[in-house]
1. In segment 506-539, what residues are over 17 Å from Ala35 (Cβ atoms), in a loop (DSSP other than H, G, I, E, B) and either free of Cβ contacts under 8 Å to residues at least 60 places away in the same chain or over 24 Å from the mean Cα position of the chain (by Cα) (or both)?
2. Assess whether Ala303 counts as being among the aliphatic types (A, V, I, L, M), assigned to a helix (DSSP H, G or I) and open to solvent by less than 20 Å² (accessible area, probe 1.4 Å).
3. Which ones in segment 181-216 are at positive phi and open to solvent by 10 Å² or more (accessible area, probe 1.4 Å)?
4. What residue, among those in segment 400-427 that are out of contact with any Phe, Trp or Tyr (no Cβ under 6 Å at 6 or more places or on another chain) and on the phi > 0 side of the Ramachandran plot, is surrounded by the most Cβ atoms within 10 Å (Cβ to Cβ)?
5. If I go through segment 312-350 residue by residue, how many of them are open to solvent by less than 10 Å² (accessible area, probe 1.4 Å), away from the ligand (no atom under 11 Å from the Cβ) and not in a helix (DSSP H, G or I)?
6. Residues that are touching an Asp or Glu at 6+ places or on another chain (Cβ under 6 Å): find the strands (runs of 3 or more DSSP E) completely inside segment 40-121 holding 1 or more of those.
7. Just to be sure, is Ile391 assigned to a strand (DSSP E or B), of a type outside the set (Lys, Arg) and more than 16 Å from the ligand (Cβ to nearest atom)?
8. For segment 29-79, enumerate the residues that are more than 30 Å from Gln497 (Cα to Cα) and crowded, with 20+ Cβ neighbours inside 10 Å.
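The values are calculated or read from the model by the stated rules, or taken from the named source; none is laboratory data. This structure is a prediction, so every number in the text was calculated from the model and none was measured. Don't worry about glycine lacking a Cβ; one is built from the backbone with ideal geometry, like all the others, and counts go over all protein chains shown. Accessible surface areas use protein heavy atoms only, side chains included; no ligands, DNA or RNA. Shrake-Rupley method; radii C 1.70, N 1.55, O 1.52, S 1.80 Å.
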Amino acid sequence: MQKSLFYFITFLVFTSCSSNETKFTEDDGLAVFNADSLKKHIAVLASDDFMGRKPFTEGETKTVAYLQEQFKQMGLEPGNGESFIQEVPMANILATAAPSMQVKSAKGNFNLKAFDDYIIWTDKTDSSISLNNSELVFAGYGVVAPEYNWNDYAGLDVKGKVVMVMVNDPGFWIGDTTLFKGKAMTYYGRWTYKFEEAARQGAKGCLIIHNTAAASYPFSVQQNSFNTTRLKLDNRGKNIPNCDVIGWVPEKISHQLFAAAGFDSSLLVKANQPGFKAVPLGLQLSTTMNVKASFNKSSNVVAKITGTKRPDEVIIYTAHWDHLGVGRPDQSGDSIYNGALDNASGTAGLLEMARAFKNMKSKPERTIVFLAVTAEEQGLLGSAYYAENPIYPVNKTVANINMDGLNRFGKTKDMVVVGQGQSELEDYLKEAIEKSGGYLSFDTHTEAGYYYRSDHFNFAKVGIPALFANNGVDVVGKGKEYGESLENEYTSKNYHQPSDNYDPITWTGDGAINDLKLLFTIGRRMGFENSFPVWKEGSEFKLIREKSKK
Ligand SMILES: [Zn+2]
């Protein structure tokens with residue numbers, strides 16, 4: 001933020017779409033933001049004492065208590081009736097895989113080694129799961145997308161079989177925007193989708209072929225979660241289909257399997273062609289898993305500031321408080337996945353955001369909600385539960401603004417919107433950032449599908465315009481290359497590793513504060529407006545919103 005005398009002059013802003021003079025001063029709330037206050041919260045949440053903030057651990061207890069305490073101290077109201085808590089019923093599933101998987105082929109049998117050659121788990125709660133000579137079918141991308149005239153399951157019966165599918169979607173490798181969205185990942189490219197579709201098709205198992213470029217992260221990220229507990233929403237009695245066995249194989253293992261079946265890796269290329277037909281490989285897989293399931297409730301923490309004129313209309317800020325807990329140690333012996341950036345920083349930002357709104361001189365006319373959701377790392381579960389069980393009516397929810405990973409270096413000239421062209425919220429942010437002398441950028445790693453990878457996506461799925469804006473990379477005085485190198489370093493060295501630690505020296509806080517102010521500015525604007533921002537033409541969420549508003 002360019003501090004200038006300008007800000008000492010108070011002037012009134014008249015919001016454009018209202019006839020009544022709703023007003024607040026331009027600096028109202030902005031001066032509250034404070035890097036030391038933000039950093040204090042990050043230091044606590046990312047401390048070893050909070051043990052990586054995994055749901056159902058002491059780390060959760062401490063985190064939830066801390067967030068509630070902070071909201072109370074600031075004088076916020078409970079966001080769920082009398083309570084700051086929305087309980088999220090979940091199943092905690094520990095699937096322990098046998099050390100190997102037997103592969104039978106006409107050419108002979110061999111074993112694959114768990115962890116090195118594949119990782120598997122299950123979302124089911126049955127105590128024992130097995131594959132017994134289950135047929136393996138290569139089903140391309142495992143996608144059924146009528147709007148792209150694409151069906152990898154056409155004419156295929158996969159009941160009782162294991163499908164092996166590629167990550168991402170065909171547009172990724174072809175790069176032709178007439179094929180899906182070209183390089184940009186669609187929801188069809190996400191691993192969650194692959195498992196959901198395989199289950200809908202009645203497959204017994206689904207193995208995704210890992211490729212670092214197409215998945216946008218290395219296989220080791222999957223290995224880190226092998227034979228560890230996983231959380232799901234507790235869907236007992238809800239009749240939601242699940243495969244018995246789901247997991248990943250590195251691409252080289254897919255080559256080995258193709259070779260055993262008398263094919264080669266050119267199948268992976270052929271699967272990019274429209275009209276590709278799935279290939280039964282004539283291989284049979286056998287292995288087992290022991291499953292222990294327990295059921296428990298985790299917590300979303302929710303606080304609010306009731307609007308003065310239209311309290312039933314809400315703007316929801318979100319950040320996931322959870323991370324990965326204690327797990328496999330890294331080379332230095334560190335086994336605590338502190339998740340300082342991911343997402344102690346965003347959670348701290350949520351607290352700082354609440355403090356700023358609470359300390360405004362003019363009180364927002366709409367209700368502002370601060371929702372710290374659980375179990376993002378396990379598949380966006382806390383936000384999924386909220387979206388399925390909303391505390392505030394979906395059609396009166398004006399917008400969601402999500403924070404997942406704040407700027408840990410200096411101020412940037414830009415902020416990066418993920419999911420370009422989705423909603424008018426990006427225009428709000430553009431206006432705000434340009435006013436402050438910066439500019440808006442857009443996510444260039446569209447192949448990674450980040451719009452489907454954090455909690456705002458669950459709000460989008462029910463039609464609520466949702467903004468996900470990350471820190472920029474154009475670091476003031478150091479430039480874009482510098483910022484990009486820091487980003488790449490984080491992705492390769494720290495992302496979901498025990499080394500995602502808080503460093504009070506290098507984490508200056510001023511960049512994060514700058515970004516938080518911008519996200520505050522747009523929420524504040526909506527807090528005084530009468531209108532509802534809308535999805536843009538071409539967004540897959542536009543129709544959902546229009547239906548819910550009727
Ligand atoms: Zn994460």
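1. First pass over segment 506-539, keeping only residues over 17 Å from Ala35 (Cβ atoms): 521-539.
Then keep just the ones that are in a loop (DSSP other than H, G, I, E, B); that gives 529-534, 536-539.
Glu529, Asn530, Ser531, Phe532, Glu537, listed by residue number.
2. On the way: among the aliphatic types (A, V, I, L, M): yes; assigned to a helix (DSSP H, G or I): no; open to solvent by less than 20 Å² (accessible area, probe 1.4 Å): yes.
Against the criterion (among the aliphatic types (A, V, I, L, M), assigned to a helix (DSSP H, G or I) and open to solvent by less than 20 Å² (accessible area, probe 1.4 Å)), Ala303 does not qualify.
3. Initial filter on segment 181-216 (at positive phi): 182, 202, 216.
Scanning segment 181-216 gives Gly202, Ser216.
4. For segment 400-427, the residue satisfying everything is Gly405.
5. Of the residues in segment 312-350, 9 are open to solvent by less than 10 Å² (accessible area, probe 1.4 Å), away from the ligand (no atom under 11 Å from the Cβ) and not in a helix (DSSP H, G or I).
6. On the way: elements: 85-97, 100-105, 108-113, 119-121.
The qualifying strands (runs of 3 or more DSSP E) are 85-97.
7. On the way: assigned to a strand (DSSP E or B): no; of a type outside the set (Lys, Arg): yes; more than 16 Å from the ligand (Cβ to nearest atom): yes.
Considered against the rule, which asks whether it is assigned to a strand (DSSP E or B), of a type outside the set (Lys, Arg) and more than 16 Å from the ligand (Cβ to nearest atom), Ile391 comes out as no.
8. Initial filter on segment 29-79 (more than 30 Å from Gln497 (Cα to Cα)): 29-32, 72-79.
Residues satisfying the conditions are Gly29, Leu76, Gly79.
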